[in-house]
Amino acid sequence: MHLFLNGLAASAGGGLTYLRNVLPHLSSRPGVRTTVAASATLKRELGELPNITWAEVKTNHGAAVRFCQEQFLLPRLIRRSGANVLISAGNFALRNSPVPQILLSGNSLYTSADFYRDLRTRGDYHLWLDTRVKGVFAKRSVHWADCTVAPSRAFAEELRRWTGVPVLSIRHGFNRNTFCEDASALLAETQQKLDSAKGALRLLFVSHYNYYRNFETLLRAIPLIQARLNKTGLGKRRVVLFLTCKLRSQANPGSYRAEPAAALVQQLGIADHVVELGAIPYRLLHHVYHACDTYVTPAYAETFAHPLVEAMASGMPLVAAELPVHREVCGDAALYFQRFSPQELAEQVLRLEASPDLRKALVEHSRARSHDFSWEKHIEEMLCLAASLTQTLATFQRSLGLTA
């Protein structure tokens, strides 16, 4: 089997994590060749991989221009490569793919009423319009593809309701050995920041800054947690929130304005409780998880959320916003709260902090739950789907007398 994997749209977050994990696994599969269209940065990061060929593609980084370029450029590259299945990994499909096409749809913003409401509240009408327009093409893409795959059952059902088209669910995976294999130390500055909070209640949120991860609800919970810690028998323990980003717009991908969040930190008087680590290389992230006590996510829109599985594999209890996707991924490994309630978020963090038995139970659930996610299983299901599509095409061509 020869796959063509279009990953040109993967520049950050889950899309990039997906390619980092999937390509080495595809490389090791016997009888499978893959031609990849992706960023030169990812090619340099992964290096030479057996059975992986990198297509030479130079496209404009603007999403609209890149989409148009792909519609005209990629069909020629696919034919030239000799691939017999296209996997479109960036939410948008080719209108006229020369081979059967699997669309990987992993952007919940196009279907999220909360996101559109948030943008109107912030007065970010440019991003509101941009998301609406992209949503039109994302919706059409589900119709253009031969099959659409979502990374969770919850998001597959959301896409089905949105498009009226059946959508398959093939969960993303995880490989703990690969995730933790790099023993290199963190930068000294980063390690010093982590060490400075020893003895504190250390919360962690792994994400670059954007609106849908709902940073503001988490920030508003911090003074509530600290106030309760000061009043309880837990003593004068300090709460510290570690962020793997900087609250500056230019330090994050996309057009999200981070300055209001930075202003909120000052307004709430929690500058000493919020530590901006900045972006951490993926291969070193495991050090950060192991240095913290509890993973928290207030995100109001998700399709899978890789950091949840990374946190569970690191033996962390979780406090997560009440979302179907979070419930599906975490199960009994998390405590849940209403996604826009800093009060409920604070209560669940404090409930966990006050009960060592509850923390121990969640840690056990976390470690066990993380074993349910496998990149090997994901690849196996994707290859079975690809084989099914090629077989269906071959049968159809024989029925028309187009093949021997």
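Some notes on this structure:
- Entries in 134/377; 43/377; 43/198; 43/139; 58/134 that, when Cα-Cα distance is taken, lie over 26 Å: 134/377; 43/198; 43/139
- Taking segment 258-390 and dividing mean pair separation by its residue count, relative contact order in percent (alpha carbons under 8 Å, at least six apart): 20 percent
- Of 291, 311, 206, farthest towards positive along the dipole that unit charges on Lys, Arg, Asp, Glu beta carbons give segment 180-370: 291
- Adding -39500 (n - 2.57) for every DSSP H run of four residues or longer, then dividing by how many residues the chain holds, sets the calculated 222 nm ellipticity at -15000 deg cm²/dmol.
- Of the chymotrypsin sites (Phe, Trp or Tyr not before Pro) found in segment 297-348, none is in coil by DSSP with at most 14 other Cβ atoms within 10 Å of its Cβ.
- Mean separation of Cα contacts under 8 Å (6+ apart) over length of the chain, as relative contact order %: 15 percent
- Charge dipole (Cα centre; +1 on Lys/Arg Cβ, -1 on Asp/Glu Cβ; no other charges) of the chain amounts to roughly 580 debye.
No value in this document is a laboratory result; all are computed from the given coordinates. The structure presented is a predicted model; accordingly, all values stated were derived computationally and were not measured. Please note: Cβ atoms are built from the backbone with ideal geometry, for glycine as well, and neighbour counts cover all protein chains shown.
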